[in-house]
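Since the structure comes first, as structure tokens, the remarks are kept for the end.
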Amino acid sequence: MDAVEVGGLRFRLDLTKPLYEQVLQQIRYAVARGEITLGTKIPSVRELAQQLRINPNTVMRAYQELERDGLVETRRGQGTFITSSAETVEQVKKVLAAEAVQSFVDSLKALGIDRKTAQMLVEEAEWE
């Protein structure tokens, strides 16, 4: 599926993977990268579902998870907004980074690479 922009958020969905998880992760990463300003209103469940051509329940489930994370807050009659707490965003960023590192470590272990070699590979990697 091509990238779709909705209310300042950019989505690229893979129909072979769970849609709710993709919506959830793409919003989490956009907030963590600072692509969405704190306190910004995000599209309604109905609007996002229509634009992405997915079931509103899928979007609702992702929004509920984001609310449990503290990344969004729903204001009755006004809509759903990204948190205004930079501290919350920083905590989520650390969790996402820890998950990425663990996935990387698991992949290296599966290849039979030890810690020392992995550290050397990380040091040699380009960060630019």
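Miscellaneous remarks
- Residues whose amide H comes within less than 5 Å of that of Val6, counting only those at least five positions distant or on another chain, are Phe11 (H built at 1.01 Å from N in the peptide plane).
- For the chain, adding -39500 (n - 2.57) for each run of n ≥ 4 DSSP H residues and dividing by the number of residues yields -18000 deg cm²/dmol at 222 nm.
- Relative contact order %, the chain, counting alpha carbon pairs below 8 Å whose residues are six or more apart: 20 percent
- Cβ-defined net charge surrounding Gln26, 13 Å radius [Lys, Arg +1; Asp, Glu -1]: 0
- Set of lysines with alpha-carbon distance to Lys109 below 27 Å, sequence-local pairs under 8 removed: Lys17, Lys93, Lys94
- Considering only Glu90, Glu73, Glu99, the Gaussian network model of the chain with Cα springs below 10 Å gives its largest mean-square fluctuation to Glu99.
- Measuring spread by the Cα atoms of the chain yields a radius of gyration and Dmax of 17.2, 55 Å.
Bear in mind that the values in this text are calculations on the coordinates, not laboratory data. These numbers come from a predicted model, not from an experiment. Note that each Cβ is placed from the backbone with ideal geometry, even for glycine, and that neighbours are counted across all protein chains shown.
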